[in-house]
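Structure first, then comments.
We did not get these values from a lab; they are worked out from the coordinates using the rules stated. Everything numeric in this text was worked out from a predicted model, so none of it was measured. Because the Cβ atoms are built from the backbone with ideal geometry, glycine has one as well, and the counts that use them run over all protein chains shown.
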Amino acid sequence: MLRKKSFYIFVLVFLFATAVKMQVAEAAFSDVPSSHQNVDAISYVQSQKIVSGYPDGSFQPDRLINRAEFTKIIVNSTLSVNEIYGSYCFPDIENESESAGDFQWFASYVCSAKRKGIIAGYPDGFFKPVNEINFVEAAKIVLNGFEYSVREDDVWFRPFLEKLSELNAIPVSINKLDQKITRGELAEIVYRLKQGIKNKKSM
């Protein structure tokens with residue numbers, strides 16, 4: 001009886017170890033070494049299916065992120081699949097053109113974000129999906145997406161920065177208000193907010 005029990009314990013330990021290894025393997029990108037400063041965050045967002053990376057198996061963590069990519073990640077982080085739909089919500093956002101057969105992969109994410117009040121676009125009415133996004137813009141969109149309330153202020157971005165700092169969610173690699181943020185930095189912000197990470201340094 002003791003041998004049988006020991007065998008079952010061994011099998012359970014083996015299966016658990018195998019599952020952990022599989023999860024780590026699933027969360028590995030070809031260009032994200034274990035030494036990368038955002039590796040834990042990137043592994044997390046992949047394991048949660050918030051991101052899937054590029055077709056070549058890379059994540060490109062140090063690449064600047066544009067507004068379309070950024071919005072998709074925030075929507076995947078905060079909305080359910082059933083909440084992601086819509087098209088033609090900005091003059092420069094089209095879901096599909098029957099004549100040209102064009103497809104904007106980000107249309108439903110952008111329109112879902114607009115419908116939920118996460119984004120509002122530029123004063124001229126356009127969204128400008130290929131524009132890179134800077135830190136203060138990112139801070140507002142992230143906190144809108146995660147439904148955090150902030151106080152009113154004459155300086156529109158100050159409450160968002162204060163709230164992100166309070167939540168320990170500003171990567172130390174971000175040190176300027178107008179700094180363009182990378183894919184790795186966004187993964188870090190999302191990871192800290194979703195997991196309540198408090199043991200990492202923050203600005």
- [ ] Figure the gain on full extension for SER173 and ASN82 (residue separation times 0.36 nm, minus the Cα-Cα span) and round it to one decimal in nm.
- [x] 29.3 nm
Task: Close Lys-Lys pairs in the range 28-182, where close means Cα under 16 Å and separation is 8 or more or interchain - done: 12
TODO: Calculate the dipole size of the range 100-203 relative to its Cα centre from +1 charges on Lys and Arg beta carbons and -1 charges on Asp and Glu beta carbons; express the result in debye to the nearest 20.
DONE: 400
Task: Gain upon complete extension [LYS198, VAL155; 0.36 nm per residue less C-alpha separation] - done: 12.8 nm
